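The values are calculated or read from the model by the stated rules, or taken from the named source; none is laboratory data. Just so it is clear, the model here is predicted, and its values are computed rather than measured. Please note: Cβ atoms are built from the backbone with ideal geometry, for glycine as well, and neighbour counts cover all protein chains shown. Only protein heavy atoms, including side chains, enter the accessible area calculation; ligands, DNA and RNA are left aside. Shrake-Rupley method; radii C 1.70, N 1.55, O 1.52, S 1.80 Å.
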Amino acid sequence: MRITGYQTYLVPPRWLFLKIVTDEGISGWGEPVIEGRARTVKAAVDELMGYLLGKDPLKIEDHWNVMYRGGFYRGGPILMSAIAGIDQALWDIKGKFYNAPIHELMGGACRESIRVYSWIGGDRPADVARAAKKVVERGFTAVKMNATEELHYIDSYAKVEQVIERVAGVREEVGNEIGIGIDFHGRVHKPMAKLLAKELEPFHPMFIEEPVLPENNEALREITAITSIPIATGERMFSRWDFKTVLANGYCDIIQPDLSHAGGITECKKIAAMAEAYDVALAPHCPLGPIALSACLQVDATSHNAFIQEQSLGIHYNQGSDLLDYLVDQSVFDYKNGYVKIPTGAGLGIEINEEQVRKMAETGHDWKNPVWRHDDGSVAEW
Ligand SMILES: O=C(O)[C@@H](O)[C@H](O)[C@H](O)CO
Ligand SMILES: [Mg+2]
């Protein structure tokens with residue numbers, strides 16, 4: 001079997017899909033994207049696909065190594081997202097070739113389903129509490145909320161109290177049994193992160209995410225030392241080599257590699273196994289589309305340390321188009337009681353509605369994150 005061509009589709013709300021085709025009529029889908037830089041990742045996909053045209057799609061491990069090592073310069077969000085989407089598409093082809101789900105080819109599933117959580121927005125405490133309630137009413141048992149806009153290096157206790165008010169409102173609304181993830185989004189610096197980590201303890205968060213920017217990961221040592229709240233990070237880390245320092249130093253309790261950012265199924269399966277050896281849990285990051293979610297579920301299925309999965313059902317990122325809009329059979333993601341079933345179809349187990357993809361790609365998207373500034377004019381983290 002040979003790879004004979006490929007096509008990328010820029011689709012709303014902010015995604016990029018990739019289809020790789022072969023001379024045997026089998027095709028595979030991937031989602032190579034980093035939010036806000038879809039076109040840059042597409043350029044990297046175009047460069048990498050030059051090598052793959054004419055090659056045997058089944059030799060994934062070798063292709064991965066050529067894509068990763070073969071260019072001398074390596075790693076980072078753009079290249080690793082391009083590799084990720086290509087890797088997903090190659091696994092999809094392999095699964096369809098052997099008529100087996102990807103997780104079957106990786107050793108078989110060690111779970112039938114996985115708990116999922118949904119992101120909730122809202123500007124004011126009452127808004128976010130209402131959003132949480134809606135998500136819980138739809139059957140989810142866990143939510144994730146942003147803690148705050150950026151806090152300056154040293155900021156006021158009034159702002160800390162605003163964060164507490166937001167979280168307290170959600171906890172009161174949903175009750176004690178719902179998991180609440182609190183995403184600091186890298187908007188907080190170490191001194192305020194320490195303060196917040198202590199103040200948030202009474203609300204029993206499921207985890208605190210990116211308490212500091214990943215480039216300041218060594219600050220996690222102090223934060224983990226002073227709080228009993230589990231610490232999560234990893235959506236902006238892209239390979240085993242990026243994760244090894246947080247794991248070896250005990251800087252976190254949960255890793256959140258993104259299957260579309262961190263080298264794909266091949267790489268994230270290895271990252272998950274590394275984490276397992278440090279007693280660190282896996283919760284793949286996925287505010288993305290159906291291809292990325294299905295790739296996550298393949299790794300969740302085969303990683304004992306996976307405990308929850310991020311997913312974007314019903315979240316439109318202000319741009320229309322939902323997770324399910326690009327699927328022929330929407331019931332393939334079978335949500336029940338806060339869990340989603342691991343898909344059992346061949347390859348990624350989903351059938352992409354190509355007509356819909358083509359239609360939406362005609363308009364495409366130009367999704368960018370906003371640029372925010374502090375009161376003093378200095379740029380703030382998004
Ligand atoms: O954990 C999350 O889902 C967020 O941090 C998103 O990754 C971020 O808003 C970029 O899409
Ligand atoms: Mg996050």
For the chain, longest principal axis from Cα atoms; helix 38-52 axis from its Cα atoms; angle between them, nearest 10 degrees, is 30 degrees
Rounded to whole Å², per residue accessible area for segment 104-347 with a 1.4 Å probe reads 39 Å²
Sorted on mean Cβ neighbours within 10 Å (highest first), peptides 279-288, 373-382 come out as 279-288, 373-382
Bridge orientation stat for the chain from DSSP, antiparallel percent rounded to 5, came to 45 percent
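Pairs of Cα atoms under 8 Å, at least six residues apart: use those to get the relative contact order of segment 238-327, whole percent.
26 percent.
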Dividing the mean separation of Cα pairs under 8 Å (6+ apart) by the residue count of the chain yields a relative contact order in percent of 21 percent
Expressed in angstrom, Rg and Dmax over the Cα atoms of segment 60-109 are 12.5, 36
Check: C-alpha center segment 291-350 vs C-alpha center segment 33-97, spacing in Å is 21 Å
Across the alpha-carbon set of segment 223-373, Rg over Rh with Rh taken as the Kirkwood radius works out to 1.00
On each of the three principal axes the extent of the alpha-carbon atoms of the chain, given in whole Å and largest first, is 63, 44, 42
Given unit charges at Cβ for Lys, Arg (+) and Asp, Glu (-), the dipole magnitude of the chain about its Cα centre in debye, nearest 20, is 400 debye
Among Lys198/Lys244; Lys269/Lys336; Lys134/Lys270; Lys42/Lys134, the pairs whose Cα-Cα distance exceeds 30 Å are Lys134/Lys270; Lys42/Lys134
For segment 1-140, one quarter of the surface area of the C-alpha convex hull, expressed in nm², comes to 11.0 nm²
So Asp23 and Tyr51, fully extended at 0.36 nm per residue minus their Cα-Cα distance, gain in nm 8.4 nm
With the charge dipole of the chain built from beta-carbon charges (+1 for Lys and Arg, -1 for Asp and Glu) about the Cα centre, the Cα from Gly234, Pro211, Pro101 projecting farthest to the positive end belongs to Pro101
Taking Cα atoms only, helix 76-98 is inclined relative to the longest principal axis of the chain by an angle, in degrees rounded to 10, of 50 degrees
Carbon/sulfur accessible area of the chain, % of total, 1.4 Å probe, equals 48 percent
Asserting the computed 222 nm helical MRE of the chain (DSSP H runs at least 4 long, -39500 (n - 2.57) per run, divided by residue count, to nearest 500) equals -12000 deg cm²/dmol
Here, chymotrypsin sites (Phe, Trp or Tyr not before Pro) of segment 97-173 satisfying both criteria (DSSP loop; at most 12 other Cβ within 10 Å) are Tyr153
Compactness check, segment 12-84: C-alpha Rg relative to the 2.2 N^0.38 Å globular estimate gives 1.10
Once the in-chain neighbours fewer than 8 apart are removed, the lysines whose Cα is under 18 Å from Lys359 read Lys19
So, with points 7 Å from each Cα along the Cβ direction, the Trp382-Tyr335 label distance in nm works out to 2.5 nm
Counting only protein heavy atoms and rolling a 1.4 Å probe, one gets per residue an accessible area for segment 3-101 in Å² of 38 Å²
Taking 0.36 nm per residue of separation between Glu355 and Arg2 and subtracting their Cα-Cα distance, the length gained on full extension comes to 124.6 nm
